[in-house]
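Report on the structure given below.
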Amino acid sequence: MKRVYILLICLLTIFTTIQAEEAQWICASECNHTPNCWQIFRKNFNLSKRPDKVEVRISADSKYWLWINGELVVFEGSLKRGPSPGDCYYDTVDISKHLRKGDNSIAVLTWFFGKGGFSHHNSGKAGLFFEGNADGVSLNSGNSWLATIYTAYKDTDAPHPNFRLHESNIRFDAREQIDGWQEKDYDDSAMKQAVAIAIAGDKPFGKMVKRPIPMWKDYGLKKYSNVIRSAQGDTLICTLPYNCQMTPYIKLKAEAGKTIHIITDNYRGGDATNIRAEYITRNGKQEYENYGWMNGHKVYYIIPEGVKVLDVKFRETGYDTEFSGYFNCNDEFLNELWKRSARTLYITMRDNYMDCPDRERAQWWGDEVNELGEAFYALSPSSHKLATKGIHELMNWQRPDGTIFSPCPATTWDKELPLQMLASVGWYGFHTQYYFSGDSSFIPIIYDRVHRYLHDVWQTDEDGLAIVRHGGWSWGDWGSNIDLEALTSCWYYLALKAEKRFALMIGKNSDAEECETMMQRIKTSFNKRYWNGKVYRTPSYKRATDDRVQAMAVVAGIADSDKYEAIAQTLQQELHASPYMEKYVLEALCLMGKHAQAIERMKLRYKKMLNYEYTTLFEGWGIGKEGVGGGTINHAWTGGPLTILSQYICGVAPTSPSFRTFKVEPNLGSLTEVATTVSTNHGNIEVDIKKTGSTMILKLKVPKDCKAEVPIEEGKTKILLSGRHKLELSCK
């Protein structure tokens, strides 16, 4: 009996030890989980040898910075919360190359947003999770870790960031700075033991989902393009090379208690107060980098008397991808438009595709549909993962009644914009993401939820046309003269078109047949009800003819070619679409063979925007009072011309998933020279075309294992294997 008792005690001890070693969510003992709370954590340990590989899992609500033995390893880790309601993401980081034999230290700084907004789901707790082992030593977050509140980080006074943003302004009081706390040899004896909040998977942090996108690309601290003083002498005006996501740095000498204010020219972007920073000096030489990223073309350091600035720099960070796409032609206006479109696309990518990087940072899916299409022509394939992340989030946030909404993840928003949701699940959203990237992994996961949305939530009338749903916000586009009823059936048709393709892929043939039947009925009824012999109009619609409806009927395939001339003439006269919907107008013109008209309209519509000396494109056709929706100057939904120029003018488009086969069917319109590069999973497609009279000389590079289809003359095509080719084509 005594032996049994001893055995039970031993087993209980082993079990307790195992439980104690399990990684837990931790915080400082004095943490009250208030918004804008910053904490520092440390873990000291000894290794008998340097390990070959140490992969750790790290998560935080909301962001973290990681040092190993005093070396910065992760600059802004963790994604904003919300792969599904109540859950979070975790990062996987290999820290082995930063470890050494003997004594080692881990140091982590965390930032807790602690409030609601449009792109992050607040857990309510400021926690850190760290899990891993090195050479048999547990690194798991728990009672072996030390933690404290970093009181140097504080709130600013009003004005605060607008309600859409989760981030707070940051005030750093250097008089409370803790010197060297990240270093291996820092004396942390005064720090207290961290306390556990929860174990992995428990509330409030929920299920932990592996980060599906790369860690940020860190471009390092760099000099500004130009630095000047204001006329009053109290402000440093620092010019960035372009609109970018950046953190400002300053080195200075001062007495204690001086306050430096840091903002960008986008501080009031979108007619709202956004992110700013304050730095309160201590005595002597000092340096500071504000870790809350901002964006803009200029950074303003407002310097009080008695402060000597020794240096200013900035650190650009962003989504880890490359500008591997390319476009150039003999029209510099179009070259600049493509370039600004690409820059705007990149600045609206981070934790999620966003509408703008200043006012909202929110995953509006109307924006994302245009953005993901642009990415295939502007960026390297690593960019593809961001849209797939968004697809899972959108459908994971589907409500019990079957409706879906964006932006999500969110804490303070739940309104459905029905037409944006149709665009998202449809041909230009989910289908484009699959077909251009070749990634079909999400389709069986989200299919049933998409089917439910299209067939249970949406209803059709006696003629099979979609009944207008107003949802939480009955929004068809910015601007005026929106024929919402006709527009709704176009978007619904395109959503069914995508569902049909997905249904066939996963063997749901009866669903595909249902979609085909519904599409045929919509096409017949649409033309009968809305076509009046000259234009498409809802009979009860009394305002100017909507250019959006004409375009959407073409791109959906509802309009037959016998209507093209009338539609093209209408698109010469009607100019109502915002930059969001203008992409589809331009595409419709190209699909009707009106490439020269598309270029002409593109230059007309974007002329005023490009007259501004910005590197990014606007939310509307103007800014300020001439803008829409707040009038931001960096809205990537406006970059549709990038897609049009590469896909339709240069003519490069996939004919099977992931560009395994693709066509090069150029139509230069009024241009004489074009060149483009499209970066695919298989390598770069390179096209260079010169037109003289009725002849085009086309130079083409086809990636290995891909095939290109190029029209040689009307009615005939030639299949090219991978390699380089030079062809002489007849112009259309």
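Just one of (1) farther than 27 Å from Ser441 by Cα; (2) surrounded by fewer than 23 Cβ atoms within 10 Å (Cβ to Cβ); (3) of a type outside the set (D, E, K, R) fails for Leu645. It is (2).
Arg469 meets all of the listed conditions (1) buried (at least 24 other Cβ atoms within 10 Å of the Cβ); (2) of a type in the set (D, E, K, R); (3) outside any helix (DSSP H, G or I) but one, namely (1). Flag: Arg175 does not match the condition of being in the same structural domain as Leu66 (by TED's automatic domain parsing), assigned to a strand (DSSP E or B), touching a residue at least 24 places away in the same chain (Cβ under 8 Å) and not hydrophobic (A, V, I, L, M, F, W, C). Of the residues Ser540, Ser525, the single one that is among the polar types (S, T, N, Q) and farther than 25 Å from Gly479 by Cα is Ser525.
Once the stretch 613-642 is narrowed to residues that are small (Gly, Ala, Ser) and surrounded by fewer than 24 Cβ atoms within 10 Å (Cβ to Cβ), the residue that is farthest from Lys663 (Cα to Cα) is Gly624. When Leu610 is tested against (1) crowded, with 18+ Cβ neighbours inside 10 Å; (2) modelled with pLDDT of 95 or more; (3) closer than 22 Å to Trp478 by Cα, only condition (1) is not met.
Of the residues contained in the stretch 444-454, none is found to be of a type in the set (Ser, Thr, Tyr), under 28 Å from Trp531 (Cα atoms), modelled with pLDDT of 95 or more and not in a loop (DSSP other than H, G, I, E, B).
Is it the case that the stretch 619-629 has a residue that's more than 17 Å from Leu700 (Cα to Cα), among the acidic types (Asp, Glu), assigned to a loop (DSSP other than H, G, I, E, B) and touching a residue at least 40 places away in the same chain (Cβ under 8 Å)? The answer is yes, given that some residue of the stretch 619-629 is more than 17 Å from Leu700 (Cα to Cα), among the acidic types (Asp, Glu), assigned to a loop (DSSP other than H, G, I, E, B) and touching a residue at least 40 places away in the same chain (Cβ under 8 Å). Considering only the stretch 53-71, I want to know if a residue exists there that is surrounded by fewer than 16 Cβ atoms within 10 Å (Cβ to Cβ), touching a residue at least 12 places away in the same chain (Cβ under 8 Å) and not in a loop (DSSP other than H, G, I, E, B). Checked against the condition, which is being surrounded by fewer than 16 Cβ atoms within 10 Å (Cβ to Cβ), touching a residue at least 12 places away in the same chain (Cβ under 8 Å) and not in a loop (DSSP other than H, G, I, E, B), the stretch 53-71 yields at least one hit.
Taken together, the residues in the stretch 502-531 that are in contact with a helix residue (DSSP H, G or I) (Cβ under 9 Å, 6 or more places away or on another chain), hydroxyl-bearing (Ser, Thr, Tyr) and more than 26 Å from Ser440 (Cα to Cα) amount to 2.
Consider the stretch 479-505 and keep the residues that are assigned to a helix (DSSP H, G or I), in contact (Cβ under 8 Å) with a residue 24 or more places away in the chain and touching an Asp or Glu at 6+ places or on another chain (Cβ under 8 Å). The one that is farthest from Tyr453 (Cα to Cα) is Ala486. Given the structure, is Tyr584 of a type in the set (Ser, Thr, Tyr), closer than 22 Å to Asn481 by Cα and not in a loop (DSSP other than H, G, I, E, B)? Criteria met by Tyr584.
Looking across the stretch 153-192 at every residue that is surrounded by fewer than 18 Cβ atoms within 10 Å (Cβ to Cβ) and of a type in the set (A, V, I, L, M), the one that is farthest from the chain's Cα centre (by Cα) is identified as Ala190. Here Asp560 meets the list (1) over 34 Å from the mean Cα position of the chain (by Cα); (2) under 18 Å from Tyr428 (Cβ atoms) almost entirely, failing just condition (2).
Starting from residues that are among the hydrophobic types (A, V, I, L, M, F, W, C) and part of a strand (DSSP E or B), keep the ones in the stretch 323-367 and report whichever is farthest from Val674 (Cα to Cα). Restricting to residues being among the hydrophobic types (A, V, I, L, M, F, W, C) and part of a strand (DSSP E or B), the top hit is Met349. The listed residues are Lys258, Lys298, and the only one of them that is without any contact (Cβ under 8 Å) to a residue 60 or more places away in the chain and within 26 Å of His160 (Cα to Cα) turns out to be Lys258. For the stretch 376-414, a residue qualifies if it is crowded, with 24+ Cβ neighbours inside 10 Å and farther than 22 Å from Gly318 by Cα, and the qualifying residues are Leu394, Ile404, Ser406. Taking the criterion of being closer than 21 Å to Leu591 by Cβ and buried (at least 21 other Cβ atoms within 10 Å of the Cβ), the residues of the stretch 502-534 that qualify are Met519, Ile522, Phe526, Tyr530.
The values are calculated or read from the model by the stated rules, or taken from the named source; none is laboratory data. Just so we're clear, the structure is a prediction, and the values are computed from it rather than from any experiment. Positions of Cβ are generated from backbone atoms using ideal geometry, with glycine treated the same way; all protein chains shown enter the neighbour counts.
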